[in-house]
Amino acid sequence: MHETLWFLIIGAVLVFMGVAATTLRRLPVSAAMFYLAIGYGLGPRGLGLLHLDMAADAHLLRTLTEVALLVSLFTIGLRLRVGVLDKLWMVPLRLGFLAMLVTVPLVAVFCVYVLDLGWGPAVLLAAILAPTDPVLAHDVQVHDPGDHDLLRFALSGEGGLNDGIALPFAMAGLALCAAQAAGADMPAGDALKLAGAAVWGILGAIAIGGLLGWVTTHAVAWLRTRHAHALGLEGFFALGLIGLSFGAAQLAQTYGFLAVFAAGVSMRRVEYRASGGASPRETIGTVDSKDVDKTASDPVKAHAFMTESVLGFTIELERIAEVAIMAMVGNVLATLNAPLFTWQAIALIAVLFLLVRPASVGISLAGSAAVPTQRRLMSWFGIRGVGSFYYLAYSLENGPAADVKPLMPLALAVVAASVVIHGVSATPLMNRYRRLRRTEG
């Protein structure tokens, strides 16, 4: 009976969201809010069907969240259809790198001097909360590969970049915690090693992901157009490229998240050049449903057809992953023993959303092409969610429990607040932004 109930619940949730998705896009709510509530309701304070403990189940939660992030990062990379040297990249690069460098120290200082944390836990918490979310920001992301709006492109690119860039900050926080537990300061040599590893981790990951995306995409297109082989099963190809990129990056001791994002960007870049700048839909044209393989092996259409098929597959996977991960977050909230919204958590939420995020965006975008309206919205939509949940699980799995466990309520409170606050505000603010852009145009 217990197994049957699970089938009924999961089936009902998926059918409901499939039917209600269009309606939800018009309302000031997000799907993530529903999934969060469902996960909470399945916990001990509701139906009592699921009991996930953030600390005890850290490995499982980290692994599942990692898979969800990999799919989402690859999907974001496929959506960003501009040349790698296009000036449009400058804003997401600034947000992904410079804003991170501003966010972590500001949050850490606040945690030390206001929340009374040690420097190790403070830096670790700042690293956990630094990455913006690539999974939950549907309303503010690029919707199709032809969308070159600076706001949506910047927020999408930022989410693709900073989930990987947060890793060296998390490792620095863990190293500081270990040093403090041993009653010593972090040696200067260790700090230099971390800095060197971070540089290699970033540059190496981008190179590995970009190369694998380029090689595999060209290879499959060559097999299709020259020999009519490797047709169909785009989902296998997508998952294979994600796995290869992540595995190769990890083997080379670089940042797997960045490599997977770079692989998606590279695959889209190959399609962009093959299509001659025309949109994928224009390149593909009408597809004969009775002879799909003809389109897939057409030298003119093969790249666009393959890339769009992979994108459609990964978008569906991303949506399913969102259901699972946000339900897990909701369930963890239901099983948390410590109080969630304490004055410390509320103060941290307010400082992060209203002071740190605007300051980091303002500093990183000084002199950029973003107009004031876009900068204000970028300052607001620093959505925290799956990335922060991943780094919390990662820290619990790899760090000293005495330092990391007290951070759980603070980090989870920020994630829950972001899901609700940003979820409620995304639709009306983006609708207003679209009206302003049409008026200006």
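The values are calculated or read from the model by the stated rules, or taken from the named source; none is laboratory data. Just so it is clear, the model here is predicted, and its values are computed rather than measured. FYI the Cβ positions are ideal-geometry reconstructions off the backbone, even for glycines, and counts take in every protein chain you see.
Mind checking which residues of segment 325-355 are among the β-branched types (Val, Ile, Thr) and surrounded by fewer than 17 Cβ atoms within 10 Å (Cβ to Cβ)?
Within segment 325-355, the first condition is being among the β-branched types (Val, Ile, Thr), and the residues that meet it are 325, 329, 332, 335, 342, 346, 349, 351.
Matches in segment 325-355: 342, 346.
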Qualifying residues in segment 356-399 (those that are modelled with pLDDT under 90 and not hydrophobic (A, V, I, L, M, F, W, C)) - the one surrounded by the fewest Cβ atoms within 10 Å (Cβ to Cβ): 367
Where a residue in segment 247-265 is without any contact (Cβ under 8 Å) to a residue 24 or more places away in the chain and its partner, wherever it lies, is assigned to a helix (DSSP H, G or I), with Cβ under 7 Å and at least six apart: 250/256
Long-range neighbours under 8 Å by Cβ, at least six apart or interchain, first residue closer than 18 Å to residue 274 by Cβ and free of Cβ contacts under 8 Å to residues at least 60 places away in the same chain within segment 301-328, second assigned to a helix (DSSP H, G or I) and of a type in the set (Asp, Glu): 304/271
Residues of segment 364-419 satisfying the condition of being part of a helix (DSSP H, G or I), β-branched (Val, Ile, Thr) and either more than 23 Å from residue 118 (Cα to Cα) or under 22 Å from the mean Cα position of the chain (by Cα) (or both): 373, 386, 414, 415, 419
Meets criteria (part of a helix (DSSP H, G or I) and closer than 20 Å to residue 266 by Cβ) for residue 100: no
Tally, over segment 124-147, of residues that are within 16 Å of residue 414 (Cα to Cα) and not in a loop (DSSP other than H, G, I, E, B): 6
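Here's a check for you: in segment 305-324, which residue that is among the small types (Gly, Ala, Ser) and closer than 12 Å to residue 71 by Cβ is surrounded by the most Cβ atoms within 10 Å (Cβ to Cβ)? Break it down stepwise before answering.
Keep residues of segment 305-324 that are among the small types (Gly, Ala, Ser), which gives 309, 312, 321, 324.
Then drop every residue that is not closer than 12 Å to residue 71 by Cβ, which leaves 321, 324.
Numbers: 321: 22, 324: 16.
Here the residue is 321.
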Members of segment 82-95 found to be in a helix (DSSP H, G or I) and out of contact with any Gly (no Cβ under 8 Å at 6 or more places or on another chain), listed by number: 87, 88, 90, 94
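From the residues in segment 296-337 that are of a type in the set (S, T, N, Q) and outside any helix (DSSP H, G or I), which one is nearest to residue 15 (Cα to Cα)?
Taking the candidates together, the pick is 337.
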Number of the condition not met by residue 282 [criteria: (1) in a helix (DSSP H, G or I); (2) touching a residue at least 24 places away in the same chain (Cβ under 8 Å)]: (2)
Residue identified as surrounded by 15 or more Cβ atoms within 10 Å (Cβ to Cβ) and basic (Lys, Arg) among 26, 81, 45: 81
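Looking at this structure, is residue 350 farther than 17 Å from residue 408 by Cβ, out of contact with any Phe, Trp or Tyr (no Cβ under 8 Å at 6 or more places or on another chain) and modelled with pLDDT of 95 or more? Explain how you work it out, then say what you get.
Numbers: farther than 17 Å from residue 408 by Cβ: yes; out of contact with any Phe, Trp or Tyr (no Cβ under 8 Å at 6 or more places or on another chain): yes; modelled with pLDDT of 95 or more: yes.
Answer is yes for this residue.
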Index of the failed condition, residue 253 passing every other in (1) at positive phi; (2) in a helix (DSSP H, G or I): (2)
Considering residues of segment 257-277 that are exposed (fewer than 13 other Cβ atoms within 10 Å of the Cβ) and either part of a loop (DSSP other than H, G, I, E, B) or on the phi > 0 side of the Ramachandran plot (or both) only, the residue farthest from the chain's Cα centre (by Cα): 276
